[in-house]
Structure formats: structure tokens, C-alpha cells
Amino acid sequence: MKLGNIHSIETFGTVDGPGIRYVLFLQGCILRCRYCHNRDTWEIGAGKMISPEEVIKDVLRYKAYYSASGGGITISGGEPTIQAEFVRDVFKLAKQNNIHTCLDTSGLVDIKKIDMILEYTDLVLLDVKHISPEKSKWLTGYSSEAALKLALHLNEKKIPVWIRHVLVPTITDDKSDLRDMAEFLKQLDNVERFEFLPYHEMGKYKWKEFDEEYSLSDIRPANEQDVQNAKNIFIEAGYNNFADSRK
């Protein structure tokens, strides 16, 4: 089985999928999100080497907690699909042990490559950075076309999805863009929930550690009112499937 490069592990995750989860953060990402709070995960090939068997052995130590809460294992990043074979092997072993699997991805993936993972995936967390391909390129270095294409592909395969969108004041909260996002979501039947993630500056210090400029220094963090305003735009457009409305 393929070895993987990991950044870190969280054994009691509660925000990356349902229930209590074992969250494996992989090393490596080609996106260059201006608000990235995991700047230290970008370098491909860095981090600790680990085998899929080692991962599952560790997960099984906590399986009772995960199963009782409706949780499981989530593989995040960086961008986990860069190490597609490793992710597939971990998820395959997880399913053999009746463990719920969740993939957290930016959607910047090769559809053919991700299908090997989806065969063993129960849920996808899809982070749509921006509905506008042009604005996404400024914000992340890449167009959002691949993420939107993946969303449609997951819908065709009927794989459950949670879609998340970082709400950055003056950058991703434009009324027209949010309306377009809502209209896009309305054509998908597999989206279990949509969540606005308020922009924050908690990872800003990591950029300083790399002696790099944090280009959003003048942008304030998003607050509850920003999130509510964005939700109102979605509701006006006929979409009301938010994370907190399904509790």
C-alpha cells in the first residue's frame, strides 16, 4: 500500500464531518488561498511518512467513541487528493472495519483520479472558494471551475456532500456572487447542508514564520451579522439548506 505524507492528526475532531472524528491532515497543496490558515501544509512531499495500516490501527483505538457519536475518519489537508492512492487505501481499510469515511477537498482535482477515492467515501466536504472562476483565481491562484465540475460529478454519483464557503468581507460576500452560488446549489440533489465559514486571521502568524506577506491584512474578520446577511441573500434566492437549520 502507498505511504502518505501527513501534517498532523486530530483524534477528537468535531467540525470536519458528523460526530466525533479522527481527522488526518495531509501534507501538500497547490492552491494558494490568500486567507489560508494552514500555510505550513503547502509543501508537497514534506511531513511524516505513514502507512494506511498504521492510520487504521490508530483509528481503531478510538472506534467506540466514533461509532457511538456517528463519527469516523476524515482526511483533510492541504489537499488530500494530491495523495489519492494513499487516501484510497486508508478509506478502503476503514470501510473494511465499518468506519465512516469523509473526504475534505477544495475540489481542484482530476475527476478520474478522485473516483478511486469516491468508491470508499461516505461523505465529501467540498470547499467552494468562490463561485466566480475569475475571482477564485485571484483569491486562490486557480479557477473554481474544477470545484464546480466536481460538485456536479458528485451529484451524478449520488454521493452525499456538505458544501462550505469561507465568507470574506468585500471579497466573497458580493450579493451577485452569493445569488449565483445559491442558484448553483439549487440544481444539486445530494447536498445535505451548506455552511458559511466566517473568515478569521488565526493563521496569519504562520505567514510571518515563512517570511511572507499576508495580503488580507486590511480585511476584517467576518462576524455573525455578515453570515446572516449572506444567508438572507440565499433565502431570497430560494435556498435555505444551512448547517444550523438541520440540527
Hits in the range 1-37 - residues which are buried (at least 19 other Cβ atoms within 10 Å of the Cβ) and among the acidic types (Asp, Glu): 16
Residues located in the range 122-142, provided they are over 19 Å from residue 195 (Cβ atoms) and surrounded by 18 or more Cβ atoms within 10 Å (Cβ to Cβ): 132, 142
Single match in 157, 231, 149 (criterion: closer than 26 Å to residue 102 by Cα, open to solvent by less than 60 Å² (accessible area, probe 1.4 Å) and at pLDDT 95 or above): 231
Residue list for the range 13-22, restricted to those being within 12 Å of the chain's Cα centre (by Cα), under 17 Å from residue 58 (Cβ atoms) and β-branched (Val, Ile, Thr): none
Cross-chain or 6+ apart pairs with Cβ under 7 Å, the range 34-63 first and among the aromatic types (Phe, Trp, Tyr), then part of a loop (DSSP other than H, G, I, E, B): 35/168; 35/199; 35/216; 42/29
Enumeration of residues in the range 205-228 that are part of a helix (DSSP H, G or I), of a type in the set (D, E, K, R) and open to solvent by 80 Å² or more (accessible area, probe 1.4 Å): 208, 209, 224
Residues satisfying the stated conditions in the range 188-244, i.e. hydroxyl-bearing (Ser, Thr, Tyr), more than 20 Å from the chain's Cα centre (by Cα) and under 25 Å from residue 176 (Cβ atoms): 215, 239
Matching residues in the range 142-195 - criterion: being under 20 Å from residue 221 (Cβ atoms), without any contact (Cβ under 8 Å) to a residue 40 or more places away in the chain and not acidic (Asp, Glu): 164, 165
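The values are calculated or read from the model by the stated rules, or taken from the named source; none is laboratory data. Here the structure is a predicted model, which is why all the values come from computation and not from measurement. Quick reminder, even Gly has a Cβ in these numbers, built from the backbone with ideal geometry, and neighbours come from all protein chains shown. Note: areas computed on protein heavy atoms with side chains; ligands, DNA, RNA excluded. Shrake-Rupley method; radii C 1.70, N 1.55, O 1.52, S 1.80 Å.
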